[in-house]
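The values are calculated or read from the model by the stated rules, or taken from the named source; none is laboratory data. Keep in mind the model is a prediction, meaning the values are calculated, not measured. Side chains are part of the model used for accessible areas, which takes the heavy atoms of the whole protein and leaves out ligands, DNA and RNA. Shrake-Rupley method; radii C 1.70, N 1.55, O 1.52, S 1.80 Å.
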Amino acid sequence: LRRLAAPELPDSALRRLLSREGYRILAASSGTEGLELLRTNAVSLIISDQRMPVVIGAEFLARARLVSPYSMRIMLTGYSEVEAAAQAINEGGIHFYFSKPWDDGQLRLAVRQLLDRFELEERNRELAEELFQKNEALQALNVELEERVRERTQALSFKVRELEGRDRIAQHLLTMHTLEETLRLVAEVISEVLGLDRAIIYLHEEVGGM
């Protein structure tokens, strides 16, 4: 649903013009009320008159840009308000301004163009956010996958060392060796399998049948 915020638009002709296009118009009686409206509603396009009570149009649009930065903005001015239009362009970031009396056809076209632009930019922001979330999820998945691969690699490496160690001991037992040589080999195999710097084997002689 395309929503237009229109602070201080008493002109019934303008209301009828925009309503006939099927837009939902959220009207405010002042700039202050308009800012509050923007805080509580998602608005695609803001149309403001320069001459408003309390807050003039240029100042309102500058504040509105902070409250609703993605909304499109149009300002209506009098012929003598060139400086106000320049201020609104520089500070309020307006996209169009129309001098009174405006041309209905040109205003309708500008509104339609700005709303199309808003929807395109909104879609681009949604796609960018979606892409960001997918990248975040992919990075988390990669971290988890790398951890699983590391754990699996360590497990396989341990198993390979264990099998190689058993084979060395089995080959060793096929030939004649002293007990000291056999125990030294066993200690070496244990240290290699477990990734230790060294392994020491202590033999306890049973005493008194214990």
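Observations on the structure shown:
- Protein heavy-atom accessible surface, 1.4 Å probe, per residue over the range 110-182: 82 Å².
- Amide H contacts of A27 (H built 1.01 Å from N, under 5 Å, at least 5 apart or other chain): A6
- For E192, solvent-accessible area (1.4 Å; no DNA, RNA or ligand), Å²: 100
- Hz values of 3J(HN,Hα) by residue in the range 107-114 - Karplus curve (6.51, -1.76, 1.60), Gly and Pro given as x: 5, 4, 5, 4, 4, 5, 5, 5
- In Hz, Karplus ³J(HN,Hα) per residue of the range 52-57 (6.51, -1.76, 1.60; θ = phi - 60°; x = Gly, Pro): 9, x, 6, 10, 6, x
- Protein-only accessible surface order, largest first, of L18, L109, L183 at 1.4 Å: L109, L183, L18
- Long-range HN-HN contacts of R51 with modeled amide H, under 5 Å: G57
- Residues whose amide H falls under 5 Å from that of R73, counting only those 5 or more places apart or on a different chain, are I46, H95, F96, with hydrogens built in the peptide plane.
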